[in-house]
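Data first, discussion second: the structure below is written as structure tokens.
The values are calculated or read from the model by the stated rules, or taken from the named source; none is laboratory data. Since this is a predicted model, take the numbers as computed values, not measurements. Neighbour counts run over all protein chains shown; Cβ positions are idealised from the backbone, glycine included. Areas reflect the complete protein model, heavy atoms only, side chains present, ligands, DNA and RNA absent. Shrake-Rupley method; radii C 1.70, N 1.55, O 1.52, S 1.80 Å.
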Amino acid sequence: MSLWGNYYRLIVIAIGFLCLASVCSNYIVINFTFICMKTDYTESYLDDNGTIHSIYDYSSSGKKWIMWAVAAGTIIGTIPINLLYVKYGARYPFLIAGVVSCLATALVPLAAKISFFFLIVLRFLQGLAYSADFAAIGLMTVRWAPLSETATFVAILTAFTGISSVATNSLTGLICESSLGWKFAFYLHALVGLVLFAIWTIVYIDHPEDTGKVSQKELGKIQKNKSEAHLDRNTSVPYRKILTSPVIICVWINAFFEMSAVIMFSSYMPIYFHEVLKFGITETGFYVALVLFSYMPIRFVAAIFSDKFRFISEKLKIMIFNTFAVGFSGFFFACIGFIPAEHNMLSLSFFILTMCCIGVNSGGFYKCGVLHSRQFAHVVIAAIQWMKCLALFSAPALVAIFVSDESNRLQWLWVHLVLGCLMIITNFVSYFIFTDEPAEWTNSEVTVKLEKI
């Protein structure tokens, strides 16, 4: 038994995180390349006025469909992929999703050149693959995280959105400005993803007790304080009780509005920075990366605080962290819309404040969902993916309703104000519903009875 046998969960969480980030990067890389693609005149056409246009310069309506194709794929894929995870575990379903994502990403430049419909199909496939991410987070947390490290595991694994955005936007910005061109960004993302998923297949095991790579000391730590029902592989999932639980529903609503803000940032922040705040392409890539990376230290410190500090109750910690993650972030998000474009550095600081608040969500609604649903947390977290799917529709829809001119700050103001206020209201409602107690249906005997009803 190697030394790593006592820390094998750390290897699992590391490769799992990198694979999650890869799938996310594959679908968001186009968000930044939109800026570079419209100046690529290697493929162009003349309009009726004799003006030359790049075929890669998509209208707002075209971009909307490119975004919504991912959302559609994610929505359609979430439930069947979650069922595959429940039946087969995460190892092979997640591998297949990763390979599909990488192949679709590698083909995007070709599709953009020959057929908009082909591009939409590939984006749909990226969405299907992306729907595998959150169920994978749930299973890795349920099966590999000690209860005393729940928030830390969730914080690390759910940080993939920010890390992938940082890596993708900063790297793509450099590639676009280089002689390699924007197409190389897609090829590089696909190649890196294939390598990572090959490592995933070697490293990941669905049940820690099934491999000799995990020491008895490590296994004891992973299983400490978990009930027999939690460790039972044959317990049926009480879907009806989960779907009708007020606590879980409130968790999902909080997740939806917070995810909407995150999607708004990852999808539209490059456009807002470049078109409204008038940052250059290289500056935009750097500042987007700065915003999306700035919350990382706070995220991990908050997770450790949530798991390790015992001088206040779990319920109070959940309330505090959720207030920052959803309430305060909603306030700062709303404020962004009121900041004049000429004060672009002040706007940048409010973007950073919003992301820093969002960064503590692992100790808020995420932890509430995991502690309340226990061994069924993978279902609850997968459903948060469903909320993210809806956010992939709602964020572009909100922009489509209020924004017709991407350079007009006053049109963006309503996007920030509406979503920010909804986040504040949702957080307030959670004060009356959230709990740290396990649900009655997490007991194995109760679960069996419920499934027979």
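Values as computed for the structure displayed
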quantity	calculated
Candidate lysines - alpha carbon under 26 Å from LYS317, same-chain residues fewer than 8 apart omitted	LYS221, LYS224, LYS226, LYS241, LYS308, LYS367, LYS388
Under DSSP loop assignment and at most 13 Cβ neighbours within 10 Å, longest GluC sites (Glu not before Pro)-free interval of the chain	44-341
Residues ALA14 and TYR431, FRET efficiency given R0 of 35 Å [Cβ-Cβ distance, rounded to 0.05]	0.45
LYS87-ARG310 pseudo-label distance in nm [points 7 Å out on the Cα-to-Cβ vector]	4.4
Summed side-chain charge close to THR105 - residues other than THR105 whose Cβ falls under 12 Å, Lys, Arg +1, Asp, Glu -1	+2
Mean ellipticity per residue at 222 nm, deg cm²/dmol - from DSSP H runs of n ≥ 4 across the chain, formula -39500 (n - 2.57)	-24000 deg cm²/dmol
Net charge over other residues, Cβ less than 11 angstrom from the Cβ of VAL276 (K, R count +1; D, E count -1)	-2
Under the Karplus curve 6.51 cos²θ - 1.76 cosθ + 1.60, θ = phi - 60°, whole-Hz ³J(HN,Hα) for the range 286-295, x wherever Gly or Pro sits	5, 5, 4, 4, 4, 4, 6, 9, 4, 7
Carbon and sulfur %, accessible surface of the chain computed with the full protein complex present, 1.4 Å	69
Sites LYS113 and ASN49 - FRET efficiency at Förster radius 22 Å, r taken between beta-carbons, to 0.05	0.35
Computed lengthening from LEU243 to ILE79, 0.36 nm per intervening residue step minus Cα-Cα distance	57.7 nm
On Cα atoms only, tilt of 60-88 relative to the major axis of the chain in degrees	20
Shape parameters for the range 238-440, alpha-carbon atoms, Rg then Dmax in Å	17.4, 55
Structure-derived Cα extents along the principal axes in Å - corresponding label in (1) 74, 45, 43; (2) 69, 60, 40; (3) 116, 59, 57	(1)
Spacing of the two label points (7 Å from each Cα toward its C-beta) at GLU209 and ALA400, in nm	5.0
Within the chain, longest stretch free of exposed chymotrypsin sites (Phe, Trp or Tyr not before Pro) [DSSP loop, at most 10 other beta carbons within 10 Å]	1-308
Any cysteine of the chain lacking a neighbouring Cys Cβ under 4.7 Å - listed by number	CYS19, CYS24, CYS102, CYS250, CYS335, CYS356, CYS357, CYS368, CYS389, CYS421
Within-10-Å neighbourhood charge of TYR58 [Cβ basis; K, R +1; D, E -1]	+2
